[in-house]
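Single-structure report; data block below.
The values are calculated or read from the model by the stated rules, or taken from the named source; none is laboratory data. The structure presented is a predicted model; accordingly, all values stated were derived computationally and were not measured. Here the Cβ is made from the backbone with ideal geometry for all residues, glycine too, and neighbour counts use every protein chain on show. Surface areas here come from the heavy atoms of the whole protein model, side chains and all, with no ligands, DNA or RNA. Shrake-Rupley method; radii C 1.70, N 1.55, O 1.52, S 1.80 Å.
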Amino acid sequence: SQLLSRQLVVAIGFACLWGTVHGACSDAPSARVDWSGCEKHRLILRKADLQNARLVGADLNGTDLEGANLSSADMTRASVDRVRFSGADLGRATLVQLSGYRSNFSKAKLPGVDLTKAELARSNFAGADLTGANLSKAEFQRGSLEGAVLLRANLSGADLARTRLTGAKLAEARMAQVRLFRTRIEGLDMSAALGLTQIQIDTACGDKQTILPKGLKASASWPCSKDD
């Protein structure tokens, strides 16, 4: 009978635990809300206050978070396909291994954000503030970083293949081993970027107005055709 009692206590404990987890997913959006592992797709959460929220592994696909406050939120391994973050505040947020296809971060505030190993192909970061952000080993293929502020950002090992980088601010940005295959850098001032090599420059798409760091020169293949 003692064994049965213990088993009953354990079963009740697990039931309470699971009830708590599922209950959290029904919580209203608020600062510090815990939606880890929850399905929150296709919601309208414009200008919602989600600062310090815990969204680890959450499914936010298709949700509208335009202008939302997600500062210091933890979105590690969250899924954000086609999510609208335009104008949102994600300062100091943890977005490690974030997965998002065609997401919109245009003019978002992302200073100090951690996007290590994020997968964000075809996403839009035009005009976004990524000052001091960690973008190491992140993937931005065929996306836009036009006019983005990348001052002192760490892009080491990032994949910017066929990404539009024109107009971005790259002073003191670390760009060692960044993949720049057909990356659009026409007219871009890269003079203060760190860690660039001639091999990287030769694979990118620049023009006579592209300003390179000392010791590097324009590629003989410039300018690229519009189809590249």
Q: Quick one: angle between helix 2-25 and the longest Cα principal axis of the chain, in degrees between 0 and 90, rounded to 10, please.
A: 40
Q) Under a plain spin-label model, where a point goes 7 Å from the Cα along Cα-to-Cβ, how far apart in nm are K47 and A218? A) 4.8
Q. When the Karplus curve 6.51 cos²θ - 1.76 cosθ + 1.60 is applied with θ = phi - 60°, which whole-Hz ³J(HN,Hα) does each residue of the range 204-221 get, with x for Gly and Pro?
A. 8, 10, x, 8, 5, 8, 5, 9, 9, x, 4, x, 10, 9, 4, 6, 5, 8
Q: Between the alpha-carbon centers of the range 90-109 and the range 155-218, tell me the distance in whole angstrom.
A: 22
Q: Report relative contact order for the range 95-214 in percent, whole number only (criteria: Cα-Cα under 8 Å, sequence separation at least 6).
A: 17
Q. Can you give me the relative contact order of the chain as a percent, contacts being Cα pairs under 8 Å and 6 or more apart?
A. 9
Q | Cα convex hull volume per residue for the range 71-215 (Å³) | A | 70
Q.
Using each residue's phi in the range 119-124, evaluate 6.51 cos²θ - 1.76 cosθ + 1.60 at θ = phi - 60° and report the 3J(HN,Hα) Karplus result to the nearest Hz, with x for Gly and Pro.
A. 10, 10, 4, 6, 8, 10
Q | Accessible area expressed per residue, the chain, with surrounding protein chains retained (probe 1.4 Å, Å²) | A | 51
Q: Can you pull the one-decimal nm distance between simple spin-label points at T197 and E39, each 7 Å off the Cα toward Cβ?
A: 4.6
Q | Pairwise FRET efficiency - Q177 versus S30, Cβ, R0 = 41 Å, nearest 0.05 | A | 0.50
(Q) With the cut-off at 18 Å, tell me which of the pairs K40/K109; K137/K208; K107/K226; K107/K169 have Cα atoms farther apart than that. (A) K40/K109; K137/K208; K107/K226
